[in-house]
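To start, the structure itself, in structure tokens.
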Amino acid sequence: MSESKESPGTNAVEVRSLTRTFGIRKALNDVTFDLPAGAFLSVFGPNGAGKTTLVKVLTTLMAPSKGTARVAGMDVVADAVELRSHIGLISHNPLLYPDLSAAENLEFFAEMYGVPDASTRVRELLEAVELDHRRLDLVRTFSRGMLQRLSIARALLHRPEVLFLDEPYSGLDPHAVDILDNLIAQIRADHTFVMISHDLAKGLSLCTHTLIMARGRVVLAEEISAVKRDEFAQLYRSTVGMGVA
Amino acid sequence: MAGTHANPRGLSVRQFKAILKKDIVMELRTKEMITSMGIYALLTMVIYQIALSQAGTAFDPRNIAAGLLWLAFVFTSMLGLNRSLVHEKDQGCLEALLLSPVDRPVIFFAKATGNLIFLLIVQALTIPVFAFLFLQQGTYAGDLWMIPLVLTMGSIGIAGVGTLLATMSVNTKGKDFVLAVLFVPIMYPLLLAAVSATTAAVLGGDGYVQQFWSGMGLMAAFDAIMLLAAFALYEFIVGA
Amino acid sequence: MSVGEKRFLGLGLYTWIYITLGLAAVLTTAALTMTFFFTPVVLADTVVDELRVIGGVPIQNQLLFSQKIFYFHVPVAMSSFLVFIFTALNGVRFLIKKEKIYDTKARIATEVTLLFVLLTMATGILWTRYEWGTWWVWEPRLTTYFILTLMVIGYFVLRNSIDDEERRATYAAAFGIIAFINAPISFAITRLVPSSAHPVVFRAGGGLISSQLIAFFLGMAGMLLFAWSVYQIRLREQDITDRVEVAKAALEE
Amino acid sequence: MDPVLQEIYRTVLDGAPFVLGAYFLLWLGLFGYAFMITKRLKGVEKELAVIEESVSRRGAPNS
């Protein structure tokens, strides 16, 4: 399936009239947008807007009903298995086994991805997230912030090109937020990001592109430099319906 | 849902081993499944004692030994199956597994194999206790080597279909109850054949070898058909 | 995806439902009447035109009635299984196409299956009481139907314990397929496993004469028509309920 | 009615009328159920008509 790979500098995510329906419910309704490689997209929207569904479709966990989506140059349906090696997910759930140690968790997922020279890679990542001193401790004993760091290490194991972040900041204490900020800053340069966030300030401070969704539709898909701050706040208020400073 | 692109065979084997190893390491560390299943089996023995307490001395428990054993196994295995899938759901780990480039049947076979191993361990522990408690009087009339065979054949079906059904029930309200409601009727034919074959092995008697092998044959047929169905359906279930 | 607007031979669905329901009523009544009032009795494999009384004791008087069950009970039992095929079939279609309509169809088919399975059990139990003087016998067919009942109940328990619509549909489809595969296996194994307690008692008799065949086919056709009507009525009702929901949602926006 | 059957019911199978009656009751139950769901279907059809009417009424001034 390598013939579909595109040259660098093109779009990392291409979504064309993506629709996801079940019965009368439309979780995604004719969603279209592009995201260039290396960009950081923040997805905003009220609960039930279709943000999670969008990420599920883009990460191959759900098939679209209509329309197409390509991530890292691969179709989410036809090239699903191949695509999975090119994407990573950092969720508010740690996605780690509590009864395995930090190193065991990473080694397990390294095997699942078929990462070559796994033990070196695991050590390298544990050092990067500053957990190498706790590598033998069970994940069960980790604090929320440590879990999130390890979860980032897990997501980066197979050197994905596109990273999906599903409300990664929820439930983090300020210290953990700092660490997560630092980590994202470190890997910012060579990854494309798609982040779902309820935290408007955080989302805006990180992103280069923004997407507002409501009722499964795209309300706004813009490069952040093209968006006027007060217009955006206005739009956000009217769709998301929450108080915005 | 999955792509047409298949993984290289080597990777699938690696993934299978990794999942199986992870389950075994976790079990050895927590001993959650084996202790809970083992204690549950012991409790069943107490219940049997109560059930048989009024049967009188003339009653030979050997006649219903096979039935009692499989009854214990059915209930303990439901407990274990539930546990093994709850592990995966707990922290969203199943989602992480699904995100990796793994063919879904690999997950199924790895989980089912893990469950099979734990079932067999619990059975190996339960049987001597059962024999010690209930089968002291009377002699063992069948062939001893038949017992592990029939246990393995039965456990393959329980682990295979059970893993599929538990993957469903773990996502429902009232997990354990739903698993029981789905599991018992589906397992009915397997258990019937298993009890028949086990009875032949325990009691001996006229034509017991033939009864044993016909039971084994039926169990093998059930295992083959149901594993195939579970294998085909797992992808849909695990992705939903 | 509406069912209502379909027309066949110039007649709307409603007309067809009334026609088939009426036909079903006529046919089953005819079958019952024929069975109990006109069809000669079958003794084992031979047809008798007269009551055999030997030495003042009627021989095999139990068998005299046993064939009667055939004309009502068997069509009901066969219908239940035929309808269950639709559960599995629509389950497969759902898993392939992921369209809600197939889930609805599978669910309604299972509902009709439940109706017929319960009816099979009821007629079966009546018969065991009358023939064998006991309310329940663990006889292969009855046992299989007992298991089938449990599986159908399990299907609905599964559905009711899942909130997410699509997951519910997927799981129900998978379980419907597994249960459908399991039903004949259950039957085969119940027959094949040697059992010390109850030998196989119930086998369909050998030759049937024409009036018996007619009664049987009338019953069969009547039951199938009835099943079809109930299936269509329930499906249409479901379809309308869905549309009402859409309309209500639209009004609330 | 078949004379042989009549004879059998009268002399040998004196319980036959009960079985017959039970079957008849089951048969009645079946068609009673069919009648019930047909009525229910009529009910939801009415509800649909009412709602669709209000949809079109409310939709009219807007569009």
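The values are calculated or read from the model by the stated rules, or taken from the named source; none is laboratory data. What you are looking at is a predicted structure, and each value in this text was computed from that prediction instead of being measured. Cβ: placed from backbone, ideal geometry, glycine included. Neighbour counts: every protein chain shown.
Among the residues making up the stretch A:115-131, those that are touching a residue at least 12 places away in the same chain (Cβ under 8 Å), more than 19 Å from the chain's Cα centre (by Cα) and not in a helix (DSSP H, G or I) are A:V115, A:E130, A:L131. Within the stretch B:15-33, the set of residues being surrounded by fewer than 18 Cβ atoms within 10 Å (Cβ to Cβ) and not acidic (D, E) comprises B:K17, B:L20, B:K21, B:I24, B:V25, B:L28, B:R29, B:T30, B:K31. Every test in (1) touching a residue at least 24 places away in the same chain (Cβ under 8 Å); (2) closer than 20 Å to A:L157 by Cβ is passed by A:L83 save one, and that test is (1). Mind checking whether some residue in the stretch B:110-127 is within 14 Å of chain A (Cβ to nearest Cβ), over 23 Å from C:F180 (Cβ atoms) and over 13 Å from the mean Cα position of the chain (by Cα)? Yes, there is a match, as at least one residue in the stretch B:110-127 is within 14 Å of chain A (Cβ to nearest Cβ), over 23 Å from C:F180 (Cβ atoms) and over 13 Å from the mean Cα position of the chain (by Cα).
Scanning the stretch B:167-180 for residues that are farther than 17 Å from C:I177 by Cβ and among the aliphatic types (A, V, I, L, M), we see that the one that is nearest to the other protein chains (Cβ to nearest Cβ) is B:V178.
Filtering the stretch D:13-58 to residues that are at the interface with chain C (Cβ under 7 Å from one of its Cβ atoms), surrounded by fewer than 16 Cβ atoms within 10 Å (Cβ to Cβ) and outside any helix (DSSP H, G or I) leaves only D:G15. One residue stands out in the stretch C:209-251 among those that are away from chain D (no Cβ under 11 Å), farther than 15 Å from C:M78 by Cβ and surrounded by fewer than 21 Cβ atoms within 10 Å (Cβ to Cβ): the one that is modelled with the highest pLDDT, namely C:I214. For the stretch B:165-180, a residue qualifies if it is free of Cβ contacts under 8 Å to residues at least 12 places away in the same chain and not in a helix (DSSP H, G or I), and the qualifying residues are B:T172, B:K173, B:G174.
Only helices (runs of 4 or more DSSP H) whose full extent lies in the stretch B:24-126 are considered here, and the ones with at least 2 residues that are among the polar types (S, T, N, Q) and within 21 Å of B:S196 (Cα to Cα) are B:62-90.
Table: residues versus (1) assigned to a strand (DSSP E or B); (2) among the polar types (S, T, N, Q); (3) within 15 Å of the chain's Cα centre (by Cα); (4) on the phi > 0 side of the Ramachandran plot.
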site: A:H133; (1), (2), (3), (4): no, no, no, no
site: A:R140; (1), (2), (3), (4): no, no, no, no
site: A:M146; (1), (2), (3), (4): no, no, no, no
site: A:P160; (1), (2), (3), (4): no, no, yes, no
site: A:L165; (1), (2), (3), (4): yes, no, yes, no
site: A:P168; (1), (2), (3), (4): no, no, yes, no
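Residue check: is B:L42 more than 14 Å from chain A (Cβ to nearest Cβ), farther than 26 Å from B:L233 by Cβ and at pLDDT below 90? When the stated conditions are applied, B:L42 does not pass them.
Among the residues of the stretch C:129-171, those that are at pLDDT 90 or above and either of a type in the set (V, I, T) or on the phi > 0 side of the Ramachandran plot (or both) comprise C:I147, C:T149, C:V152, C:I153, C:V157, C:I162, C:T170. Checking each residue in the stretch A:174-202 for being more than 20 Å from A:P160 (Cα to Cα) and surrounded by 20 or more Cβ atoms within 10 Å (Cβ to Cβ) picks out only A:S197. Of the residues in the stretch A:59-75, how many are closer than 21 Å to A:F109 by Cβ and aliphatic (A, V, I, L, M)? Final tally of qualifying residues: 4.
Checking B:F222, B:F183, B:F212 one by one, the residue that is modelled with pLDDT of 95 or more, assigned to a helix (DSSP H, G or I), more than 8 Å from every other protein chain (Cβ to nearest Cβ) and surrounded by 19 or more Cβ atoms within 10 Å (Cβ to Cβ) is B:F183 and no other. Considering only the stretch B:207-223, I want to know if a residue exists there that is under 13 Å from B:M153 (Cα atoms), small (G, A, S) and touching a Pro at 6+ places or on another chain (Cβ under 8 Å). Within the stretch B:207-223, one or more residues are under 13 Å from B:M153 (Cα atoms), small (G, A, S) and touching a Pro at 6+ places or on another chain (Cβ under 8 Å). Among the residues of the stretch A:73-103, the ones that are at the interface with chain B (Cβ under 7 Å from one of its Cβ atoms) and under 27 Å from A:A176 (Cα atoms) come to 10 in all.
Among the residues of the stretch B:50-107, those that are within 14 Å of chain A (Cβ to nearest Cβ) and closer than 21 Å to B:Q123 by Cα comprise B:R83, B:S84, B:L85. One residue stands out among those in the stretch B:65-108 that are β-branched (V, I, T) and under 14 Å from the mean Cα position of the chain (by Cα): the one that is surrounded by the most Cβ atoms within 10 Å (Cβ to Cβ), which is B:T76.
Checking the condition more than 7 Å from every other protein chain (Cβ to nearest Cβ), touching a helix residue (DSSP H, G or I) at 6+ places or on another chain (Cβ under 8 Å) and free of Cβ contacts under 8 Å to residues at least 60 places away in the same chain, which residue from B:L190, B:L203 passes? Checking each option against the conditions leaves just B:L190.
Of the listed requirements (1) within 20 Å of A:L18 (Cβ to Cβ); (2) at pLDDT below 85, A:I212 misses just one: (2).
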